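Enquirer: Dumping the structure here so I can ask a few things about it.
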Amino acid sequence: MKTTRLQPFHTFTIMTVFLLGTSIIFGTPRLVEDTWIVDLITLIPSCALFMLYTHLLVAGNSNDLYSLLYKIWGRLLGQILVLGYTVYFLYIASRNIRDMIELVKTTLLADTPEELLILLFTLVIAYASAGGLSAIGRVAIPISGMVIFFFLLLAVLLGFSGSLDTERILPLLSKGISPVINATWKSTIWFPYGEIIVFLVFVNGLGNPRRFRVLGLAAMICSCFVLTFSSLLQICTLGKENMKFSVFALLDAARQINIADFITRMDALVAFIIFFSVLLKCSIFLYAGTKGAAFVFKRSFKKFTLPCAFLIGGYSILVTNNYGEHVEEGLKHVIFWLHIPMQLVIPVATLLLVWIRNLKGEE
Amino acid sequence: MTTDEKKPSTDINMESVKEELEQRLGETSDLASVTIRIFGEAGVFSYLTSMTNTAFLMDNVIKPLTHAGSPLDKLQKNQWLDRIREQYLAGLTTETSNDPGHFTDLIMKGYAALYISGMTEVLMIDIKELETRAVTEPTTQSVAIGPKDGFTESAETNISLIRRKIQNPYLRFEKYELGQMTKTSIYLSYVDDLVEKDVLNQIRDKIQERKMDSLFATSNLDTLFQSKELSLFPTVYATERPDNVCNGLIDKRVAIIVNGSPFVLMVPSLFNDYFRSPEDVYQWFSFGVFIRYLRYLSFLISLCMPALYIAITCYHQELIPTLLLTSIAAQRQGIPFPVVFEVLVLEITFEILREAGTRMPRIIGQSISIAGALVLGQAAVLAGFVSNVSLIVVSLTVISGFVSPIYSFGARIRLFRYGLIILGSILGLFGIFLAVAFLLLHLSRIEPFGIPYLTSSLTKRAKKGERNAA
Amino acid sequence: MLRKGLLLFMAVILCLLQSGCWDWVEVNQSSMLTGMAIEPGKNGMLKLTMEVLNPAEAQRVQSSSGGPPTLLYTMEGKSISEASSRMNEMVERKIIYSHIHMVVVDESIARKGLNQIIDVLQRSRFVREDVLILIAKDTPASDVLKIMYPSGQYSSWKLRMQIIHFYRSWGGTPKSTLYNYTDAILSEGREPVLAAISVEGEVNNSENSKDTTSSIPRAIVKCAGSAVFKEDKLIGFISVPDTRLLNMIRDKITGTSFAVPVDKKQGVATIRMDPIHTTMDVTLESGRPQVKLSIAGEGHVSSIDTDLPLDTAAGYRQLEQMESNFLNEQVKSTISRVQREFGVDIFGFGEYMNRHHYSEYKLVKQDWNGHFKAAEIEVSSRIVISRSDLKTRRLNKPDVGQ
């Protein structure tokens, strides 16, 4: 198969939508009241983390994560690590599907069996991921267009219905700056920004590492602004206190829209946004996962698409019993046991090894 | 096939030519064989009256030849034909041949065969004239403002229509013949310094590889250029308008003209092509843009409207403003069918009406619309079989389906619509999201001739490619 | 591969068709719930009165039989959701909850606390946040829904429109949606208020559609000011004029008219104010909150009883001055009445302090209502009267009596 490189604009949008993904709906985890400050502050360490990733590729002189791991850690360890990442990506994908299904079950279809919804959804993401990076990149343009457009539409409609009250932002930092920094460290770096590590798998298709770095940083800054804006929107409509109690903050905000008693109930827009952004996110994870499996077992990645998709779908049903467990797992265990090792420890260890090898090579 | 085994050059004579023709063409009534005498030698003219212009033959071929003196005497007999060609038939396309297979083929194409006894070759003179339709306004793609000429069934006319608009030395017409039975000539047209060489080569390969028995219309070629993967959207653009084709040629495309079909194909065709009409640029710019986006909107309406209507009224009543829902509910009181059934029945009724309207003789068309609109629509609502809202939704959908400038595209949408209706009626909005996602992914996966279907225009794509490379 | 995929797809679709449509609700087999009244029932249960729409009558598109636009059903249950999910005990249609306009709560329930009612409304995805929560004052809540009106309007729709328009034209009713209530409950330093309504006239004679033929309504629902809450418990009512000033102090008013006394006798000048804005500043001085309110507004004269010279700048100045004084006095008396009678901050002074002077507010956070009672109020207004509509002075013969 011909490897077609994505155009820079495609790369940028695919990363932006990926970062916006689920976090635009669920919002920044509401550990503190001033979520929008958390959003802003997170940008700095996340960008540093991202620079670390790209530096890893440049130092290791490699164009994708899997072959780098293989090269640095040797055959056996490399294979284990690649499989580890594969499982990690598939696991995150299944959590994302679960997020989406939770919203659909609460807002759109209460009685329809979720197995069916998940089955159909996984078939669609399998179709997307089988098309490879170029198909995902191309579909990212209309999806990002729609997501951003509908999001702005929500903001404008909220403005027109007079629900926005900027006073609600106050008081700023009522509990001091330390809880904010804590929240940054505990969650927002790893989700959504740290998840960008998945793109290291196909830097080859995205352009060279240097262009990848520039585009990635641009995407991060852009999505940081959108997320901050989204947080501000939620705070200004709902108020900080109210936000703490809502499951889907943007949905609750959207429910405030009322223009002349006719344009009301924009719930569908929110469902639309989350459906499509999760679709894109999951197909990227699935594609990365199948690439990993293909790398280890030396087969075409298309052979793994359907089985992996069903695996994601099935696991998204099994992953938690109820919403409380889902959130707790996401905020505590996943970050500590999965995000930090996969997004920080292994890359840093790899980078150290690369340096040691390079030093030896020079001697 | 015994004739092929003969050695034609040696034993060609008057009798053998006649025999040859009779054997190949049989007792066809439009074969004329006229004996004449030229320079004192007996000769025979053979041609098909149905393919040639007899008056032209008389005036421009037979008259000069019979009036000629005998200055040819001094020449060798084998130089006669050349002299005739140069002196008496200058300006006409002529050819000599001694292969009976070849010259019968030419006769089929409207050449006249002149055999003068004692010659070793037959002189073929092109006097073709076919009954063709005059250049008229296109019927399927009419515009309010802009050129009114449309392609005809004659490939030559079509080529001239294109050449007239693009006076560029790089404009090329490459001729191929397809169809073992029909020997239809087809022409590839492109602008040599613009066209994507890669695409052109793929098309050439496909045409040369392809074996088919008969070819009457461009639609037969559709399958040839479809991509290997399943594609629910048309990837071959058929148009009746020369200005459309010229736009395409300038935008790096290849046009395929088939003799006998007033539709010219263009490949590779992209998604956006189906929303562009040449009229857009003939009007005030902003209005053209507005109209184009209106087409995208009506595409969406035609695709999703009934499905959305069903999904929202049956699954998500909370999304409808109170007064609207009251009104819908009031109208649906006492309707015996569920909404899906109602919509599907109406859709299919409209399809039947449309089909009947197209195939009907024009004069009866009126009564169809009366029967359809008044009798079915009005009466069904009054009888309480269908609700007004459903009727409005379906009518709007059907009308929007005809907005696309290209007929074949609208036809495909109509089919997807049923899929969306079914999904929407089972899973509500979620089903529609799924279907829309699938269609989007499908669109982004189609790559006719290696060019992504969602590319906005080939020229822009090439420019972008250059920028990336730099 | 392709064919297999298609087959799989077809199989899935077929399976779907086999199993049916789970969330399907057919519109002509269901009815919309538009209003709900909650009263205490027997044995500590809740008595729910549901107003269910009869669409063919409410929307007279086709010839209707003249039946009532809504039907009322009464249920008792331990909780709202229990009672409402058992609606089909007596209703033949599936109930659509998503278009509920208002919930009328009986005074006695509100005195016990609203929380048990509010939670179900907030949690349900069907109930919108702009559903009106109204307190029925001096009447059983269900009476509000029982009254029929001519022109096919049903009570909850009529009442919703009435409240919206009254708010817009005069500001005599507080913003009373579910969202406003939760917002106030959750915010630091502000107590909720909800609109109060009461019924005037004979309810029993206006429950029948025949009664709507009279041009004088036998009974009518009217706005009766606001219900004041402490936490989620009703503690009292304030009048319609006080409610207007409450709205004005909170800067939540779109336009209103003031009848300003202009002489010692009964003479008033009516001044239509639009727009009018209030800014507040609350600080803490030696433990006592200092509230500074400044009102700024623009208005025009819509009637006047005396001969104020409205063709001179001085006349305008005089009237402006009178109105400012009047407003200052009114606002002060309203606030002090609330301080005296209820002792809860419904004006949002604490909320303002929390937002703008967080460090000071921390000191008084524990007992804000107590501090509120002692708060010192200072009001200043700057009123601009810009025109006097079509006439200048009041029409009179200038030389009479001289």
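No value in this document is a laboratory result; all are computed from the given coordinates. Keep in mind that this is a model prediction, so the values were computed, not measured. Counting neighbours? That spans all protein chains shown, and the Cβs are built from the backbone with ideal geometry, glycine included.
Enquirer: What percent do you get for the relative contact order of the range C:27-238 when only Cα pairs under 8 Å and 6+ apart count?
Expert: Details: 444 pairs, mean separation 41.5, N = 212.
Taking the mean separation of contacting Cα pairs over the length of the range C:27-238, I get 20 percent.
Enquirer: Distance from a point 7 Å along Cα→Cβ of C:Asp274 to each backbone N in the range C:222-260: keep the residues under 15 Å and list them by number.
Expert: Counting only backbone N, you get C:253-258.
Enquirer: Please list, by residue number, every one of the trypsin sites (Lys or Arg not before Pro) in the range C:248-301 that is coil in DSSP and has at most 14 other beta-carbon atoms within 10 Å. The partial results should precede the final answer.
Expert: Working: sites: C:Arg250, C:Lys252, C:Lys264, C:Lys265, C:Arg272, C:Lys292; in loops: C:Arg250, C:Lys252, C:Lys264, C:Lys265.
Answer by residue number: C:Lys264, C:Lys265.
Enquirer: Under a plain spin-label model, where a point goes 7 Å from the Cα along Cα-to-Cβ, how far apart in nm are A:Met51 and B:Arg83?
Expert: With each label point 7 Å from Cα toward Cβ, the separation is 9.4 nm.
Enquirer: Evaluate the protein assembly as shown: find the radius of gyration of its Cα atoms, find its Kirkwood radius, and give the ratio Rg to Rh.
Expert: Values: Rg = 41.0 Å, Rh = 37.2 Å.
Here Rg/Rh amounts to 1.10.
Enquirer: What's the long-distance tail for the range B:161-296, i.e. % of Cα pairs beyond 17 Å? Write out the running numbers ahead of the final one.
Expert: Values: 5600 of 9180 pairs.
Value for the range B:161-296: 61 percent of Cα pairs lie more than 17 Å apart.
Enquirer: So which chymotrypsin sites (Phe, Trp or Tyr not before Pro) in the range A:221-278 are both in a DSSP loop and have at most 10 other Cβ atoms within 10 Å of their Cβ? The partial results should precede the final answer.
Expert: Details: sites: A:Phe225, A:Phe229, A:Phe245, A:Phe248, A:Phe262, A:Phe272, A:Phe275, A:Phe276; in loops: A:Phe248, A:Phe262.
Filter output for the range A:221-278: A:Phe262.
Enquirer: What longest region of chain C stays clear of GluC sites (Glu not before Pro) that DSSP places outside H, G, I, E and B and that have at most 14 other Cβ atoms within 10 Å? Display every interim value, and only then the final one.
Expert: On the way: sites that count: C:Glu92, C:Glu202, C:Glu231.
Excluding the exposed sites themselves, the longest stretch runs over C:232-402.
Enquirer: A further question follows. How much FRET efficiency would the formula 1/(1 + (r/R0)^6) give for B:Lys460 and B:Arg164, where r is the Cβ-Cβ distance and R0 is 45 Å, rounded to 0.05?
Expert: On the way: r = 27 Å, r/R0 = 0.60.
Efficiency, from the Cβ-Cβ distance: 0.95.
Enquirer: Could you pull out the trypsin sites (Lys or Arg not before Pro) across the range A:263-363 that fall in loop regions by DSSP (anything but H, G, I, E, B) with no more than 13 other Cβ atoms inside 10 Å?
Expert: A:Lys298, A:Arg299
Enquirer: Could you tell me the distance between the Cα centroids of the range C:269-283 and the range A:9-70, to the nearest Å?
Expert: Computed from Cα coordinates, the inter-centre distance equals 49 Å.
Enquirer: Does anyone have the angle between helix C:155-169 and the longest principal axis of chain C? Alpha-carbon axes, 0 to 90°, nearest 10?
Expert: That helix lies at roughly 30 degrees to the long axis.
Enquirer: A further question follows. Would you mind checking the pairs A:Lys105/C:Lys146; A:Lys105/C:Lys94; A:Lys186/C:Lys175; A:Lys291/B:Lys197; A:Lys175/C:Lys175 and listing those with alpha carbons more than 28 angstrom apart? Please report the intermediate quantities before stating the final value.
Expert: Numbers: A:Lys105/C:Lys146 36 Å; A:Lys105/C:Lys94 20 Å; A:Lys186/C:Lys175 40 Å; A:Lys291/B:Lys197 33 Å; A:Lys175/C:Lys175 31 Å.
Too far apart for the 28 Å limit: A:Lys105/C:Lys146; A:Lys186/C:Lys175; A:Lys291/B:Lys197; A:Lys175/C:Lys175.
Enquirer: Projected area of the range C:27-238, taken from the Cα convex hull and averaged over every viewing direction, in nm²?
Expert: Averaged projected hull area, Cα only: 12.2 nm².
Enquirer: With everything on Cα atoms, drop me the angle between helix B:388-401 and the longest principal axis of chain B, reported from 0 to 90° to the nearest 10.
Expert: Orientation of helix B:388-401: about 30 degrees from the principal axis.
Enquirer: Separate question: For the range B:286-450, I need the span (max minus min coordinate) of the C-alpha atoms along each principal axis, in Å, sorted largest to smallest.
Expert: 54, 48, 33
Enquirer: Against the 2.2 N^0.38 Å scaling, with N counting residues, where does chain C land? I'd like the Cα-based Rg ratio to two decimal places. Please list the in-between numbers first.
Expert: Details: Rg = 26.6 Å, N = 402, 2.2 N^0.38 = 21.5 Å.
Working it through for chain C, the quotient is 1.24.
Enquirer: With N denoting the number of residues in the range A:8-362, provide Rg(C-alpha) divided by 2.2 N^0.38 Å, to two decimal places.
Expert: Relative to the 2.2 N^0.38 Å estimate, the range A:8-362 comes out at 0.99.
Enquirer: What do you get when you divide the Cα radius of gyration of the range C:332-391 by 2.2 N^0.38 Å, with N the number of residues?
Expert: Values: Rg = 16.3 Å, N = 60, 2.2 N^0.38 = 10.4 Å.
Its radius of gyration relative to the 2.2 N^0.38 Å reference: 1.57.
Enquirer: With r as the distance between the Cβ atoms of C:Ser81 and C:Lys42 and R0 = 22 Å, compute the FRET efficiency 1/(1 + (r/R0)^6) and round to 0.05. Spell out each step's value before the answer.
Expert: Numbers: r = 19 Å, r/R0 = 0.87.
Efficiency at R0 = 22 Å is approximately 0.70.
Enquirer: Quickly work out the C:Gln116-to-B:Thr139 label distance, labels modelled 7 Å from Cα along the C-beta direction, and quote it in nm with one decimal.
Expert: Placing both labels 7 Å beyond Cα along the Cβ direction yields 7.8 nm.
Enquirer: Just to confirm the number: angle between the C-alpha axis of helix A:302-318 and the first principal axis of chain A, 0 to 90 degrees, nearest 10?
Expert: That helix lies at roughly 40 degrees to the long axis.
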